[in-house]
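What follows is a set of notes on a single structure, which appears directly below.
The values are calculated or read from the model by the stated rules, or taken from the named source; none is laboratory data. Predicted model only: the values in this text are computed from it and were never measured. As a convention, Cβ positions derive from the backbone with ideal geometry for all residues, glycine included, and neighbour counts pool all protein chains shown.
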Amino acid sequence: MVFDVIAFLRDNGIQYFEEGANVQRGWVGVRCPFCYDHSNHGGFNLAKGYYNCWKCGGHRVIAYIQELLRVPEHEAIDIYDDYSSRTTILQHLNDKKVAKAKKVDMPGEELGKFHRRYLLGRGFDPDYISTKYQVKGTGPVGSFKLRLMVPIIYHGQLVSFSGRDITGKQVIRYKTCSVEESVINPKHVLYNLDNCKKDWVGVVEGPFDCWRMGDDYCAGLGTTFTDQQIRLLSFYDKVVFLFDSEPEAQARAEKYGMQLSSLGVKKVIVADIETNKDPAEFSERMAERVRRKVGELL
């Protein structure tokens, strides 16, 4: 949910400007507490809830609360969560699909010969993938028939799952558990985030890309990222986007990078890997070369 900027500023007696000098449409202007601003160069984006100063750059909203109210980080986090949990009537109307499940039962058994053959054909070790990522396979019947079942795990809990067609004949290549049957909306989390434990994170598009690149890489489960996924990325100091080289994909990465910079991420890199392949299609040698290059960029 988006930080309720107006309510926070009003409740704390902070002067704000909805129009005038330095205030763009869709923003609320404030005096920036980080650079002793006297002309409301600071601003909150009303749609996204993030903070940016036209003089000193983007800052995390939690850092803004700390600086403004002179409170410790844990108290600022509580304040942020409070003003982010207030749901407006409009949000109630828009939130038609809500994750309701308390537990997720992912279909599938141990990988069969067809699942193993599919993984081998794409250059993956079936035993490693099934053990490391808890991937299973389904048989020829059911709504998720003949798929590799990929669990979506967040903070150690199975919150949803996705199934990848192994036949090449099904209309839907990736079929994801419905929002209503998930513990958390799968587009509100990032795949493999539990294995991203450094101060930086690499961002790819899908689970197979993560498997190729390994730990410290997460995926948005699709070509677009939600506000909730961007917020999760904003908790890292450095973010590296490793999308394919198509102009459209690179433009999306640039867009997300700008959002993250405004949210206070110290360094955002849109890596140019100079290949037309997705990370999932890399050989292991190529993947290692890209990992080294990313390390140099960091």
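Of all the residues in the range 110-144, those that are among the aliphatic types (A, V, I, L, M), surrounded by 15 or more Cβ atoms within 10 Å (Cβ to Cβ), out of contact with any Pro (no Cβ under 9 Å at 6 or more places or on another chain) and free of Cβ contacts under 8 Å to residues at least 40 places away in the same chain number 0.
Among the residues of the range 62-69, is there at least one that is outside the structural domain of Gly156 (by TED's automatic domain parsing), assigned to a loop (DSSP other than H, G, I, E, B) and either modelled with pLDDT of 85 or more or within 22 Å of Lys187 (Cα to Cα) (or both)? Checking the range 62-69: not a single residue is outside the structural domain of Gly156 (by TED's automatic domain parsing), assigned to a loop (DSSP other than H, G, I, E, B) and either modelled with pLDDT of 85 or more or within 22 Å of Lys187 (Cα to Cα) (or both). Comparison of Gly142, Gly108, Gly137, Gly123 shows that the only residue that is more than 25 Å from Ser283 (Cβ to Cβ), in the same structural domain as Thr167 (by TED's automatic domain parsing) and not polar (S, T, N, Q) is Gly142.
Take the range 184-241 and flag every residue that is buried (at least 20 other Cβ atoms within 10 Å of the Cβ), touching a Gly at 6+ places or on another chain (Cβ under 8 Å) and of a type in the set (Asp, Glu). Of everything in the range 184-241, just one residue is buried (at least 20 other Cβ atoms within 10 Å of the Cβ), touching a Gly at 6+ places or on another chain (Cβ under 8 Å) and of a type in the set (Asp, Glu), namely Glu205. Of the residues making up the range 203-228, those that are free of Cβ contacts under 8 Å to residues at least 60 places away in the same chain and under 9 Å from the mean Cα position of the chain (by Cα) number 7.
Based on this model, can you work out whether Lys96 counts as outside any strand (DSSP E or B), modelled with pLDDT under 95, over 22 Å from the mean Cα position of the chain (by Cα) and of a type in the set (Lys, Arg)? Here the answer is no, as Lys96 does not meet what is asked. In this entry, Lys175 passes the filter for residues that are closer than 18 Å to Gln134 by Cα, basic (Lys, Arg) and surrounded by 15 or more Cβ atoms within 10 Å (Cβ to Cβ).
Residues checked against (1) within 12 Å of the chain's Cα centre (by Cα); (2) of a type in the set (D, E, K, R):
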site: Arg231; (1), (2): yes, yes
site: Phe241; (1), (2): yes, no
site: Tyr256; (1), (2): yes, no
site: Gly264; (1), (2): no, no
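For the range 2-25, the criterion of being at pLDDT below 85, crowded, with 16+ Cβ neighbours inside 10 Å and within 25 Å of the chain's Cα centre (by Cα) is met by at least one residue. Among the criteria (1) touching a Gly at 6+ places or on another chain (Cβ under 9 Å); (2) of a type outside the set (Ser, Thr, Tyr); (3) part of a helix (DSSP H, G or I), the one Leu111 does not fulfil is (3). Taking the criterion of being under 25 Å from Gly123 (Cβ atoms), touching a residue at least 24 places away in the same chain (Cβ under 8 Å) and of a type in the set (S, T, N, Q), the residues of the range 240-298 that qualify are Ser245, Thr275, Asn276, Ser283.
For the range 72-91, name all the residues that are under 17 Å from Gln228 (Cβ atoms) and at pLDDT below 75. Correct list: Ser85, Arg86, Thr87, Thr88, Gln91.
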